[in-house]
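A.B. asks: Pasting in a structure now, in structure tokens, and then I'll have a few things to ask.
The values are calculated or read from the model by the stated rules, or taken from the named source; none is laboratory data. What you see is a predicted model, and the numbers here were worked out from it, not measured in a lab. Note: ideal-geometry Cβ built from the backbone for every residue, glycine included; neighbour counts use all protein chains shown.
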Amino acid sequence: MMYTRTTCRLCESDALTLIYKMPATPPVDNFRLPGEPEISLPSFPMDLYMCDACGHAQLLAVVDPQLLYGNYIYTSSSSTDLDNHFSAYADRVSAYLQLPPDASILDVGSNDGLLLSKFKARGFRVLGIDPSAYVAAEAEARGIKTLVSFFDSAATETVLRAGGPFDLVTANNVFSHADNLREFATSVREVLAENGTFVFEVSYLKDLVEHVVIDYVYHEHLCQHSVKPLKQFMAACGLQLINVERIPTKGGSIRCYAKKAGDPTKPEPVVESMIADEIDFGLYQKSTYDRLKARVDAIAARLTGMLDETLARGGSVASYGASATTTVLNALLGIVGKLSFIVDDNPLRQNRLGPGFFVPVRSSAALADFRPDIVVLSAWRFADQIVAKNQEYLSRGGCFIVPLPDIQVVKHEYSRTAI
Ligand SMILES: [Zn+2]
């Protein structure tokens, strides 16, 4: 069900240092209906390592993708944020690259074709490739031609025949999920037109450290990318990194642009300045991660103390958010065993049981029905929206705790008490 890598995913060095010990958990998005056979999956490690040679941060435990992705509840269009993000993406990338009107575009891991639909609406020729027949059928239904396949060296010929070579190849987040990145990148190179561009978005390691987005470290995210190792890796794959843009998605991400080695395009100065900035920041020093862990551990100790006190006097505790990141955070903070239930606003998540501890997921109506004393906002990046939507719970004496980046207690303004 899993194997453990012994070499760096980018440079193949075997000098790897543990930089953040994470709790082992079952696949973090394994929210199941009672009675489903896959409800009990074992725990797998998700410790974060750094390569001493190139600085790439990565997981060495590689869980069978079938276990991780077999239960896709969502397709990408289920989020309006993502819809807006992809519209802006299509505008920005086509303008920056000055794509000709008849340019051909391949999206790898194209899901339900949402990004490609934005490019198609702007007149470009598009092709998707995705291993899930289910989402590919949804893409086809919206008029996006999609190959059902993993993207690897065995697929490049079929991909080229179906619409290549491509002026633009996009990959969003899949570049964080693939174990064999070298094969992935060289396959991209093979299907690119001579002056074509590879654009990919990945969450950014520096944002993870600065904004304590530690709940973004889990089995699916095999890589936590940064510019220094990526530049070296691209060169080793016959590509060159020519631009990097910082974007706010997923708690902080980078959009990277690469062209074939030998392309006359001059790399933007931002590539070198970001690398200098990463080094100055200490992104490649273990002590940086020791400090991050000490900070998160202190938050965990304080939070579990508060919850234990509430439980000791007969109170109850719930959390808000049923997703991959909230499973990570609840495990990391040591609170999952203390929860009576988890609230989530998405009906697809409700009535399911969370991974490992089988905590039931309910709608926000449960806040009125069960009146938990404390609700931990595990979906802390959405704290403002959740608090705004649940004023009634607060007005009845409820209490939200935002765990990150530092503990914040939110009570009704007329009953606010110092802690
Ligand atoms: Zn390396």
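A.B. asks: The conditions are (1) over 25 Å from the mean Cα position of the chain (by Cα); (2) part of a helix (DSSP H, G or I), and G314 fails exactly one of them. Which is it?
C.D. replies: (2)
A.B. asks: Give the stretch 118-138 a look and list any residue that's modelled with pLDDT of 95 or more, crowded, with 21+ Cβ neighbours inside 10 Å and either charged (D, E, K, R) or under 22 Å from the mean Cα position of the chain (by Cα) (or both), or say none.
C.D. replies: Selection gives K118, G128, I129.
A.B. asks: So is R32 within 16 Å of the ligand (Cβ to nearest atom) and within 21 Å of the chain's Cα centre (by Cα) or not?
C.D. replies: no
A.B. asks: For the stretch 332-400, give me every one of the helices (runs of 4 or more DSSP H) that falls completely inside it and has 3 or more residues that are within 29 Å of K293 (Cβ to Cβ).
C.D. replies: In the stretch 332-400, the matching helices (runs of 4 or more DSSP H) lie at 383-389.
A.B. asks: A further question follows. Working carefully through the options I401, I342, I407, I386, find the one that is hydrophobic (A, V, I, L, M, F, W, C) and farther than 14 Å from Y320 by Cα.
C.D. replies: After ruling out the rest, the residue left standing is I407.
A.B. asks: Let me ask something else. Filter the stretch 18-61 down to the residues that are in contact with a Lys or Arg (Cβ under 6 Å, 6 or more places away or on another chain) and among the β-branched types (V, I, T), then identify the one that is surrounded by the fewest Cβ atoms within 10 Å (Cβ to Cβ).
C.D. replies: Looking at the filtered set, the residue picked out is I39.
A.B. asks: Mind checking which helices (runs of 4 or more DSSP H) fall wholly inside the stretch 87-171 and carry at least 3 residues that are under 19 Å from V188 (Cα atoms), touching a residue at least 12 places away in the same chain (Cβ under 8 Å) and not aromatic (F, W, Y)?
C.D. replies: The helices (runs of 4 or more DSSP H) meeting that bar are 156-163.
A.B. asks: Separate question: For the stretch 52-61, give me each residue that is within 16 Å of the ligand (Cβ to nearest atom) and either part of a strand (DSSP E or B) or in contact with a His (Cβ under 7 Å, 6 or more places away or on another chain) (or both).
C.D. replies: Of everything in the stretch 52-61, those that are within 16 Å of the ligand (Cβ to nearest atom) and either part of a strand (DSSP E or B) or in contact with a His (Cβ under 7 Å, 6 or more places away or on another chain) (or both) turn out to be A57, Q58, L59.
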